[in-house]
1. Select from the range 86-95 the residues that are open to solvent by 80 Å² or more (accessible area, probe 1.4 Å) and either under 22 Å from V20 (Cα atoms) or hydrophobic (A, V, I, L, M, F, W, C) (or both) and list them in ascending order.
2. Working only within the range 104-121, note down all residues that are open to solvent by 80 Å² or more (accessible area, probe 1.4 Å) and in a helix (DSSP H, G or I).
3. Can you tell me which residue is nearest to the chain's Cα centre (by Cα) among those in the range 67-85 that are surrounded by 15 or more Cβ atoms within 10 Å (Cβ to Cβ) and part of a strand (DSSP E or B)?
4. In the range 44-66, what residues are touching a Phe, Trp or Tyr at 6+ places or on another chain (Cβ under 9 Å) and either outside any loop (DSSP other than H, G, I, E, B) or over 17 Å from T82 (Cα atoms) (or both)?
5. Of the conditions (1) at pLDDT 90 or above; (2) open to solvent by less than 40 Å² (accessible area, probe 1.4 Å); (3) outside any strand (DSSP E or B), P139 satisfies every one except a single condition; which number is it?
6. If I go through the range 122-136 residue by residue, how many of them are within 26 Å of P89 (Cα to Cα) and surrounded by 13 or more Cβ atoms within 10 Å (Cβ to Cβ)?
Amino acid sequence: DNWTGQVHRLKGILSHKFSVRVVAFSPDGKTVLSGSQDNTARLWETATGKQLGPPLQHQGPVNAVAFSPDGKSVLTGSDDNTARLWRVPRPIHGDPERILLWTKVIIGTELNEHGQVRVLDAAEWQQRRQQLDKLGGPPQD
């Protein structure tokens, strides 16, 4: 970038429904924030090009995006006459089985064999909770 002389590279394509208007890199260069005419801003992992979390929704095209200096928040501005401050989700590290069980326990659902969301009954939830406890509990930062 022009201020620090650092060069960041993005692997992949920033996929929005309409054209991308603005882009910003996080201070560490690991995340990209894009704003689009599709009324959304989106976070992307720089190394893989994968989207991080759900779109950040506005009621009009997003024409300004920025990261906070610590990279923990982003600011988006839109033609809907709003500026919104969003918290950047932290990545979760650890054993994928443990992360999956933890997710099932905290939201009380899981995907069935057809990829449809299914609500866990009390006994199923308790079983998933016990499995998670055997693996060491929720993932740690």
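The values are calculated or read from the model by the stated rules, or taken from the named source; none is laboratory data. Since the model is a prediction, treat every value here as computed from it, not as a measurement. Heads up, the Cβs are rebuilt from the backbone with ideal geometry, glycines too, and the neighbour counts pull from every protein chain shown. To get the accessible areas, we keep the full protein, side chains included, count just its heavy atoms, and leave off ligands, DNA and RNA. Shrake-Rupley method; radii C 1.70, N 1.55, O 1.52, S 1.80 Å.
1. Step one: filter the range 86-95 for residues open to solvent by 80 Å² or more (accessible area, probe 1.4 Å), giving 87, 90-93.
Answer for the range 86-95, where residues must be open to solvent by 80 Å² or more (accessible area, probe 1.4 Å) and either under 22 Å from V20 (Cα atoms) or hydrophobic (A, V, I, L, M, F, W, C) (or both): R87, I92.
2. Hits for the range 104-121 are I106, I107.
3. Selected residue: V74.
4. Here is the first cut: in the range 44-66, the ones touching a Phe, Trp or Tyr at 6+ places or on another chain (Cβ under 9 Å) are 46, 50-52, 56, 61.
Within the range 44-66, T46, K50, Q51, L52, L56 meet the criteria.
5. Going through the list (1) at pLDDT 90 or above; (2) open to solvent by less than 40 Å² (accessible area, probe 1.4 Å); (3) outside any strand (DSSP E or B), P139 breaks only (1).
6. Here is the first cut: in the range 122-136, the ones within 26 Å of P89 (Cα to Cα) are 125, 128-129, 131-133, 135-136.
The next check asks that each one be surrounded by 13 or more Cβ atoms within 10 Å (Cβ to Cβ); those that pass are 125, 128-129, 131-132, 135.
Residues that pass the stated criteria total 6.
Yes/no per residue for (1) touching a strand residue (DSSP E or B) at 6+ places or on another chain (Cβ under 8 Å); (2) without any contact (Cβ under 8 Å) to a residue 12 or more places away in the chain; (3) open to solvent by 70 Å² or more (accessible area, probe 1.4 Å):
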| site | (1), (2), (3) |
| --- | --- |
| N39 | yes, no, no |
| P55 | yes, no, no |
| H58 | yes, no, no |
| E97 | no, no, yes |
| W102 | no, no, no |
